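Each reported figure results from applying straightforward, stated rules to the coordinates on display, with no laboratory input. Just so it is clear, the model here is predicted, and its values are computed rather than measured. A quick note on method: Cβ atoms are made from the backbone with ideal geometry, for glycine too, and the neighbour counts reach across all protein chains shown.
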Amino acid sequence: MAYGPRYRLPFRRRREGKTDYKARYKLVDAGKLRFIVRVTNYHVITQIAKVGKIGDETLISAHSKQLQKLGWLANTNNISAAYLTGYLCGKKALKEGITEAVLDIGLRPPVKGSRIFAALKGAVDAGLKVPHSESILPDESRIRGEHIAEYAKSLDETEAKKKFSKYFERGLSPTRLPEHFEEIKKKIDEVIS
């Protein structure tokens, strides 16, 4: 006669919706470094990690907050910031001798053109080899923030100041976002060479 419950309780991180163990097992079993992309409400975080005996070991990381130290005045959570964060991580990885990894998006759904894939494009443009399909990457115009600049141009001055108040507080006109993006990308190249 068997005693005890007739059900099996899932692991705590699975119950909390933090880890998909089936997907994680496939990534860990591959034996390659992982390019991890996480998007929060305010920031984009990218890391390159390997599996260690005790747990994951982070080798390289880049946070969208680091873009502000380089002079980034726009939002740290938009597609442009995601691309630049991935680009920064890719440049750091190449400097450390890391040339390839596999993408780990966690529990996020793989939506074509999303911030996750903008970060991936940034890392790939930096020179990191990550297997992917070109069809999932966002357009170059969206990465540069041209859609934000066009929207800001379509608004009158009072509406623009209302909708883009944080941009104006930091001293950046949203219509100048594509040029500002290129300036920060060049700065990343200068700092990490």
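Note down all Cβ pairs under 8 Å where the first residue falls in segment 13-36 and is in contact (Cβ under 8 Å) with a residue 12 or more places away in the chain and within 20 Å of ALA123 (Cα to Cα), the second is in a helix (DSSP H, G or I) and of a type in the set (Gly, Ala, Ser), and they're at least six residues apart or on different chains.
PHE35/ALA123
Which residues, counting only those in segment 163-193, are hydrophobic (A, V, I, L, M, F, W, C) and either under 16 Å from GLN66 (Cβ atoms) or touching a residue at least 12 places away in the same chain (Cβ under 8 Å) (or both)?
Those that are hydrophobic (A, V, I, L, M, F, W, C) and either under 16 Å from GLN66 (Cβ atoms) or touching a residue at least 12 places away in the same chain (Cβ under 8 Å) (or both): PHE164, LEU172, LEU177, PHE181, ILE184, ILE188, VAL191, ILE192.
Taking VAL124 as the residue in question, decide whether it is free of Cβ contacts under 8 Å to residues at least 60 places away in the same chain and more than 21 Å from ASN75 (Cβ to Cβ).
yes
If I filter segment 63-90 down to residues being more than 11 Å from the chain's Cα centre (by Cα) and surrounded by fewer than 23 Cβ atoms within 10 Å (Cβ to Cβ), which single residue comes out as nearest to SER193 (Cα to Cα)?
LEU70
Can you pull out every residue in segment 154-168 that is under 10 Å from ALA74 (Cα atoms) and either surrounded by fewer than 16 Cβ atoms within 10 Å (Cβ to Cβ) or touching a Gly at 6+ places or on another chain (Cβ under 8 Å) (or both)?
Hits for segment 154-168 are LYS166, PHE168.
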